[in-house]
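Okay, so here's the structure we're looking at.
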Amino acid sequence: MKLEWDLTHLYSNSKEWESDRKILEKKIKTLLKKHDSFISNSELFKEYINEKVECDILIEKIYCYAKRHL
């Protein structure tokens, strides 16, 4: 018997997953550009950390969908 996971709470289809994957690529590129300067002041540091957390959450969502669906 083959079990299937209900992944609709993550993405309703693969197109949504692909869209988030592209968004994540852009976010990572943005973070890489800020990597050397984020420690220059507390506001930049806070912004960088918040963006990093957003990326981490998106990575987890993308990974879980791909692991169980693709």
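Of all residues in region 53-70, which are touching a helix residue (DSSP H, G or I) at 6+ places or on another chain (Cβ under 8 Å) and open to solvent by 80 Å² or more (accessible area, probe 1.4 Å)?
Scanning region 53-70 gives GLU54, HIS69, LEU70.
Looking at (1) outside any helix (DSSP H, G or I); (2) acidic (Asp, Glu); (3) under 30 Å from LEU7 (Cβ atoms), which one does GLU51 not meet, given that it meets all the others? (1) is the only condition that GLU51 fails.
Taking residues in region 1-24 that are free of Cβ contacts under 8 Å to residues at least 60 places away in the same chain, and partners anywhere that are open to solvent by 60 Å² or more (accessible area, probe 1.4 Å) and of a type in the set (A, V, I, L, M), the pairs with Cβ atoms closer than 9 Å and at least 6 places apart or on different chains are SER14/LEU70; TRP17/LEU70; LEU24/ILE59. For the residues LYS15, LYS2, the requirement of being of a type in the set (Lys, Arg), outside any helix (DSSP H, G or I) and open to solvent by 70 Å² or more (accessible area, probe 1.4 Å) singles out LYS2.
The values are calculated or read from the model by the stated rules, or taken from the named source; none is laboratory data. Since this is a predicted model, take the numbers as computed values, not measurements. Positions of Cβ are backbone-derived with ideal geometry, glycine not excepted, and every protein chain shown enters the neighbour counts. Remember, those area values only see protein heavy atoms, side chains included, never the ligands or the DNA or RNA. Shrake-Rupley method; radii C 1.70, N 1.55, O 1.52, S 1.80 Å.
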